[in-house]
Amino acid sequence: MAYVDQAQAKNRKSAVIMVAAIHAVIGYGLIVGLAPGIFDPPAPKPFVGTQIPLPPVPPPPKTDPQPTELTKPVTPPVYTPPSAQDINRNPIEIDTTTVILPPFDPVPWAQGTVGPPKPFASATPPSFDPVAVKPRNDPGAWVTTSDYRSSWINRELTGTAAFKVEVGTNGRAVSCLITRSSGHDALDQATCDLISKRARFEPARNSKGGKVEGTYASSVRWQLPE
């Protein structure tokens, strides 16, 4: 039991020493923290600038300016071809006057008349006189009273319808146009329909005798049958 007591005594001494060391560190820290001005470093001295005199800069050496020589641009001579014509340098002298001369009489032509000659007649007259379109069958048979419909008779539709047809080279009507209305659309439409169906023509001919297209104009009078 004596050995155990001695070990505990040594541990107590070590603990006391450690506690004392800790208290000493804490106390030192308190002293340093409470008195910061004691261990502050000294303030730096202010910087004072001075001017150092420098020797003056020597002036640049004087040099005489050399005159610059201007050279003219060299251009090749302009080539002038020789003249192909001999120009007469002696101008022609023209007599002039300030007196106003009377107008000249017109010069008669060779035919003995004043003015330009009349154009000559064509040496080759046309071999064929142009011919207009003309009916080949009876125009009175194109539209008759038998073409009247009973409804038109009951309504007493009458009037004159003028028309114009385009005739082809075959003598048939190509198109039909009412140039003056009869006053009734039914009669106008019947006029073109019947003429395009029944009319036959002699086609027009040109100056050479050839068949050409032409026109034919006439009118149809619609009158109630008796």
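The values are calculated or read from the model by the stated rules, or taken from the named source; none is laboratory data. Every value quoted in this text rests on a predicted model; they were computed, and no experiment measured them. Here the Cβ positions follow ideal geometry from the backbone for every residue, glycine too, while neighbour counts run over all protein chains shown.
In summary, S146 fulfils each of the numbered conditions (1) surrounded by 13 or more Cβ atoms within 10 Å (Cβ to Cβ); (2) outside any loop (DSSP other than H, G, I, E, B) with the single exception of condition (1). For the stretch 182-214, the set of residues classified as among the hydroxyl-bearing types (S, T, Y) and surrounded by fewer than 16 Cβ atoms within 10 Å (Cβ to Cβ) consists of S207 only. Mind checking whether some residue in the stretch 151-160 is small (G, A, S) and surrounded by 13 or more Cβ atoms within 10 Å (Cβ to Cβ)? Looking for residues that are small (G, A, S) and surrounded by 13 or more Cβ atoms within 10 Å (Cβ to Cβ), one finds at least one in the stretch 151-160, hence yes. Checked against the criterion of being assigned to a strand (DSSP E or B) and not polar (S, T, N, Q), the candidates L194, L187, L177, L157 yield just one match: L177.
Checking every residue in the stretch 126-140 against the condition of being at pLDDT below 90, of a type outside the set (V, I, T) and loosely packed, with under 11 Cβ neighbours inside 10 Å gives at least one match.
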